[in-house]
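Below is one structure, written out as structure tokens, with a few remarks after it.
No lab work stands behind these numbers, since they all come straight from the coordinates. Computed from a predicted structure; not experimentally measured. All Cβ positions, even for glycine, are placed from backbone atoms using ideal geometry, and neighbour counts span all protein chains on display.
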Amino acid sequence: MSKNAGQMSKFSNLVYANVDGYIASQAEESHSMLEEIRDIIKTAIPDAEEVVHWNAPFYKYHGKLIAGFAAYKHHLRFGIVGADIDSDIRKKLDAQGYTTLERGLQIRYDQKIPTKELSQLLNLTKIHHDATQS
């Protein structure tokens, strides 16, 4: 992985029209990981709307933000909206060496994407969103 992998963008004032544009503007080495996270979100919540919000990829579910991701110089960030990370999933991610945040995690470029855990987080977040819609 090059030292420039995952820089915010090649152009500091770039505004992204869509997620494809966001991914294309990132360092080439980060593309496969960004696409993998994108696929995990689309699989877990197939009816989520893909948008660019705050100049990063996000996903709306029934009109509300539910998840998003972004590329940085040394890591990717995946986040959920509206609920904290489940404590059992947090423990698993921490044990695997991921940096967990209140509502997300950092994935270094030398780590594998924790597909199972991200899918679980997305499913729990979807359940939370469904419960608050009633």
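Tabulated data
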{"quantity": "THR99-ASP20 pseudo-label distance in nm [points 7 Å out on the Cα-to-Cβ vector]", "calculated": "3.3"}
{"quantity": "Cleavage-rule hits (chymotrypsin sites (Phe, Trp or Tyr not before Pro)) in the range 37-103: DSSP loop, at most 13 neighbouring Cβ within 10 angstrom", "calculated": "TRP54"}
{"quantity": "Ascending count of other beta-carbon atoms within 10 Å, so fewest first, for SER30, SER119, SER87", "calculated": "SER87, SER119, SER30"}
{"quantity": "Computed [θ] at 222 nm, deg cm²/dmol, the chain (DSSP H ≥ 4; -39,500 (n - 2.57); rounded to nearest 500)", "calculated": "-11500 deg cm²/dmol"}
{"quantity": "Cβ-placed point charges (K, R +1; D, E -1), dipole of the range 19-133 about Cα centre in debye, nearest 20", "calculated": "260"}
{"quantity": "Correct choice for Kirkwood radius over Cα pairs in Å that was computed from the model, options [x] 15.0; [y] 14.6; [z] 15.6", "calculated": "[x]"}
{"quantity": "In the range 65-132, trypsin sites (Lys or Arg not before Pro) in a DSSP loop with at most 12 other beta-carbon atoms within 10 Å", "calculated": "LYS112"}
{"quantity": "Label point distance in nm, TRP54-GLN111, each placed 7 Å from Cα along Cα→Cβ", "calculated": "1.9"}
